[in-house]
1. Out of H196, H187, report the one residue that is modelled with pLDDT under 95, closer than 22 Å to F252 by Cβ and of a type outside the set (A, V, I, L, M, F, W, C).
2. Return a yes/no flag: does the stretch 154-164 have any residue that is farther than 30 Å from F252 by Cα, assigned by TED's automatic domain parsing to the domain that holds F205, over 16 Å from the mean Cα position of the chain (by Cα) and assigned to a loop (DSSP other than H, G, I, E, B).
3. Among what's in the stretch 104-160 and is of a type in the set (A, V, I, L, M) and loosely packed, with under 14 Cβ neighbours inside 10 Å, pick the residue that is farthest from S38 (Cα to Cα).
4. Read through the list (1) hydroxyl-bearing (S, T, Y); (2) buried (at least 16 other Cβ atoms within 10 Å of the Cβ); (3) part of a helix (DSSP H, G or I), then give the number of the only condition that S52 fails.
5. Please enumerate the residues belonging to the stretch 101-150 that are of a type in the set (K, R) and closer than 19 Å to E16 by Cα.
6. When the residues of the stretch 211-232 are filtered to those that are modelled with pLDDT under 95 and not in a loop (DSSP other than H, G, I, E, B), which remaining residue is surrounded by the most Cβ atoms within 10 Å (Cβ to Cβ)?
7. If we scan the stretch 76-84, do we find a residue that is under 15 Å from V32 (Cα atoms) and in a strand (DSSP E or B)?
Amino acid sequence: MVMLIVNQDSLQPAPEPTVTVLLATHNGLGFVGSQRSSILQQSGIKVRVVVSDDASTDGTVEWLKQKVEEDEGVTVLPAGSFGLAAKNFYRLIVEADIGGSSYVAFSDQDELWKPDKLSRAVRTLVAGSRGYSSDVLAFYPDGREAKVVKSQPRLEWDYLFSSAGPGCTYVVDAQPFAEFRSAVQQHWDAACRAEHHDWLIYSWFRDQGYAWAIDPWPSMRYRQHDQNVLGANVGWRAKYGRVMQTLHGGPFEQVQDLAEVVGAKHELPIRLLESGRRLDLIRLSARVMNLRRTKTDALGLGAILLARAALRANRAGRPAGLMGRVHGHKRVPAGGHV
């Protein structure tokens, strides 16, 4: 019997995993400093940050370039003009150098990450998932706080009709990320029409069969203010606006664009939606419990589909197919769903 004696003092610590964080900014000078600090202060993780700015006019780019001189782990891409938060992220997805990183994370400019946000996500990914997101704690200027829950059980087709929560909680394995990057490049026009990058990422991972974990632990404090793109999407006004937008077809057009990128055109809900026929909309409404992760959202979607079927019946003689693609550039929520 051979006994191996190990000198603990001679053991080298395991290398910290490297995570590249893709940070999109737009006129974020008032927030990006605290966001940057919360990213760079992550525990047990080697962090690299790649920033893309969308035509800021408040000095954000100049501030970022100054910080690059102080921290070699931060890279700022040449400033661009995208007009849409998702397009800024698609630029990062395609152009950011993630060489040497095991994982890729996504960040808006105005949250506050908990110090163990990335290390907890990495532990989850090491355990077998390929994508990670979490619940968040929304906080308001008046001191209010509210947990935003997105960690309901996954369903057969939920990924076609909603995201896995705010994209700023997302952390993914670098290998499927590289595959996703190729899909975005191959379907660039459709990707740019998909106005919610986080929804697209979740949909692609799920459609490809990659396991995705949604953590009930709030990994960050989610700032609510007049300038942020998404917001917690709570309250009757937000819900009413979402219903009216959906009723007139905008989010359903998003579903079709998303399905083109992820290769999900063959899925039954997409085929029923794309036909636009009254009977097919009714058939789709009967399957809503497999489309949205909460009962309230599922029933709301069902009601909208039935209302659209009724509208379709009143518009006899018009061409089949969904109506009302929205044209033009606008800044829209980055955490989409129908």
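The values are calculated or read from the model by the stated rules, or taken from the named source; none is laboratory data. The shown structure was predicted, so the numbers you read here are calculated from the model rather than taken from an experiment. Note that we place each Cβ from the backbone using ideal geometry, even for glycine, and neighbour counts take in every protein chain shown.
1. Result of the check over H196, H187: H196.
2. No, the stretch 154-164 has no match at all.
3. The selected residue is A127.
4. Going through (1) hydroxyl-bearing (S, T, Y); (2) buried (at least 16 other Cβ atoms within 10 Å of the Cβ); (3) part of a helix (DSSP H, G or I) one by one, S52 breaks only (3).
5. K114, K117, R120, R123, R130
6. Of everything passing the filter in the stretch 211-232, Y222 is surrounded by the most Cβ atoms within 10 Å (Cβ to Cβ).
7. yes
Residues are listed down the side, and each one gets a yes or a no for (1) within 21 Å of H196 (Cβ to Cβ); (2) more than 17 Å from the chain's Cα centre (by Cα); (3) assigned to a loop (DSSP other than H, G, I, E, B):
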{"position": "A105", "(1), (2), (3)": "yes, no, no"}
{"position": "Q109", "(1), (2), (3)": "yes, no, yes"}
{"position": "V122", "(1), (2), (3)": "no, yes, no"}
{"position": "L137", "(1), (2), (3)": "no, no, no"}
